[in-house]
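Bear in mind that the values in this text are calculations on the coordinates, not laboratory data. If you're wondering where the values come from, they're calculated on a predicted model, not measured in any experiment. So basically every Cβ, Gly included, is an ideal-geometry build from the backbone, and we count neighbours across all protein chains shown.
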Amino acid sequence: MVNQNAEVGDGIMTYSFEQALNAFRSSEIRDLSLDPNGLRFLKLRSMSRTEYLHRLLQDNAMQIPKLRGDALMQFLFDADIAEERIESTMRAIYAEQRQARRLIEDEMVSELYRLEAFDWGGLHQNSLEKTIVDNYIKKIRSYDALSDCIENELHRSMRGYVLCSWYNHWTSIIIEDIFRDHSAVLPAIGLIKKVDFFISGTPFDLKVTYFPEGYVKDIRKKASLRPETTLLKSFCRSKRITFDSQLPESRLLEDLWKKVEDYPSSDARDLISSLRQKRLEMIADASSHPEDLMRWLYENQGERRFDASNRLFLILIDTHNFFESWRLKRAKHLLARGIHGHLNEAAGTPGRELEFVWKDRRYFTTSDAIFIIHDRNR
């Protein structure tokens, strides 16, 4: 949606600081990125910490005014500082921060390889407090029973939650640094919502994900194929293989797949081979023509986290074990080869225009997808 309040001259939108600030608060990131003043605002916003803004003033031999917050940013927005000078300061600050992280990076990657299982322990990442309140505080009346649950259940679950959070935190930093180390990428050096970096002037929000199970299910349905879970359940029942039907669907699929894969019969091998081959066909098609998958990812967002900002999807796929693609988040050299290879090819024209519908409203965005496909047989 184009911001109707921005001034237009000679066919080019020009935001004032106040208009850009309002657009940013309304999550109109794409509109801002298409306008020179909007893009200037986003770069300054990524430097919104006072120390970074003061550094920009010092780098341009300017006196530091007695201003803070948005007032200081507006001063710099209106100041006679060329875009190249803003970017130079951003890169200099990032280089200093990166130098410190680079010293510990190899050791950190090695530590990440010690995690053997990625299991949240039933405590959901975005509702930890609610899960504890609903399942323990409100549900259990006995002090002794609550104490036993804390020792026998919650302690184990909290351990899983902390380990998964630790893994996600440090792998995110490593992956973002791989992007930001590329010459075509301008790092966003501060915390700015919906912008992790700029690729040739286009801001992107990085989303690391896996080949979505919901997408697989939808593609199979369109092709009039029965769901994988249904086929695997049917096989297990025919062979009297026990499974827990109360497991969450994603966990159930993995559990069924592993049990059938380990069953010593030709029909088990044929079923797994058929399911795997169909998935590989979907992956090959999506990696060659990613628009449908990107659109699906936008249209299947959770309501609490919905936005239409420019997204770059990094899609990790381990074809040997689809359910352990999480391990690739620490495969630094594999990631660097795939990410930098994509940026080398697409840096001049990053992303593609994408139209999608969410809750009966049409949105336009700029998006891109990078597939990291690890085939252990190659």
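Mean 1/r over all different Cα pairs, inverted: what Kirkwood radius does region 179-269 give, in Å? Can you show the working numbers first?
Values: mean 1/r = 0.0598 Å⁻¹.
16.7 Å is the Kirkwood radius here.
In terms of packing, defined here as the mean over residues of other Cβ atoms within 10 angstrom, the peptides 169-179, 311-321 line up highest first as 311-321, 169-179. Taking a ≥ b ≥ c as the square roots of the Cα gyration tensor eigenvalues, with a/c under 1.5 meaning rounded and otherwise prolate when a/b beats b/c, else oblate, which class fits region 80-220? Taking the square roots of the gyration eigenvalues as a ≥ b ≥ c, region 80-220 is prolate.
Which FRET efficiency, nearest 0.05, do D144 and K258 yield, Cβ-Cβ r, R0 41 Å? Working shown, then result.
Details: r = 37 Å, r/R0 = 0.91.
In this case the efficiency is close to 0.65.
Per the Kirkwood treatment, what hydrodynamic radius in Å, one decimal, follows for region 305-378 from the mean inverse distance over all distinct Cα pairs?
Details: mean 1/r = 0.0705 Å⁻¹.
The answer is 14.2 Å.
Normalised by the empirical 2.2 N^0.38 Å for globular proteins, what value does the Cα Rg of region 115-180 take? Cα Rg divided by the expected 2.2 N^0.38 Å: 1.41.
The label point for K130 and the one for K193, both projected 7 Å from the Cα toward the Cβ, are 1.8 nm apart.
Under a Gaussian network description of the chain, with springs only between Cα atoms under 10 Å, the residue in N135, N300, N310 that fluctuates furthest is N135. In a fully extended conformation the segment linking V357 and L67 would gain 100.2 nm over its present Cα-Cα distance, using 0.36 nm per residue.
Quick one: putting +1 on the C-beta of Lys and Arg, -1 on the C-beta of Asp and Glu, what dipole do you get for region 220-290 around its Cα centre, in Debye to the nearest 20? Please report the intermediate quantities before stating the final value.
Numbers: 15 positive and 11 negative charges, 48 e Å.
Result for region 220-290 is approximately 220 debye, rounded to the nearest 20.
Positive end of the dipole of region 185-256, charges at C-beta (+1 Lys, Arg; -1 Asp, Glu), about the Cα centre: which of T230, V185, T209 has its Cα farthest in that direction? Positive-end residue among those listed: T230. Between R114 and D270, the modelled labels are 4.8 nm apart [label points 7 Å from Cα along Cα→Cβ]. For region 7-89, taking Cα atoms only, Rg and Dmax work out to 12.6, 37 Å respectively. Remark: spin-label model distance L206-A284 equals 3.1 nm, labels positioned 7 Å along the Cα→Cβ axis. Placing unit charges on each Cβ (+1 for Lys and Arg, -1 for Asp and Glu) gives the chain a dipole about its Cα centre, and among S88, F77, N310 the Cα reaching farthest toward its positive end belongs to N310. Where both partners of a DSSP beta bridge lie in the chain, what percent of those bridges are antiparallel, to the nearest 5? In the chain, approximately 55 percent of DSSP beta bridges are antiparallel ones.
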